Amino acid sequence: MPTNIETFVKTLESEGVDAGRKAAMKIEAEAREKADKINAEAKEKANQIIAEAQAEAEKVKVRMNSSLQLAVRDTIFLLREKLSQQLKAILKSNVEKALNDEETLVHVLREVIPAYAKAHTENKLTTEINISEKTKSRLLETSLRELAHSLKNQNVQLDINYNLAQEGFEYKIEGSTVEVSTDSVTSLLADMIDPSLQQFLVKAANDKD
């Protein structure tokens, strides 16, 4: 009987230890499973956050590139406008000096007026030259008298006025008017130079892309 009791006690102890070990293993397995689940969920959430951050970063990059391109375009446009204005100012200053110079103005008149008059010599004509009062001088008046005499031989009568608002001259014949003034010559020269400037700036803009 005692032996049976001892055996029984040992059996209980053994079963208790086994039961405890199994319970502990079960708890450990459940804990590990929960930990793995939590870890997997955390990784998935982290990947989702990273993906969202990357997507937002890409959107920001696209917006920044678009804004940068617009800024470059606007800057080049503004630069072109400023350069064009500076160019016209420089041209206007030099043209004004040239047309205000007696010898230059006389030379232009001698070259331009006879050429236009020659193209209209079929009938007797009256042509008009209008010059600024500021450029009126003895040299100019002498040259205009010589020009009037030359045109008279071509059957063209020349009338001279001194009421042009700016340097240069205005020439009228057969209902048409030819203006050689500071503004008209500056505009012509600017239009001739400006396309080259525009091509340069377009190339500069393309190099930035």
### Query
Would you say Ser84 is assigned to a helix (DSSP H, G or I), of a type in the set (S, T, N, Q) and touching a residue at least 40 places away in the same chain (Cβ under 8 Å)?
yes
### Task
Kindly indicate whether any position in region 193-203 is under 16 Å from Pro114 (Cβ atoms) and modelled with pLDDT under 80.
no
### Summary
Expected single match for exposed (fewer than 14 other Cβ atoms within 10 Å of the Cβ), modelled with pLDDT of 80 or more and acidic (Asp, Glu) among Glu111, Glu96, Glu146 is Glu146
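The values are calculated or read from the model by the stated rules, or taken from the named source; none is laboratory data. Keep in mind that this is a model prediction, so the values were computed, not measured. No Cβ is skipped: glycine too gets one built from the backbone with ideal geometry, and neighbour counts run over all protein chains shown.
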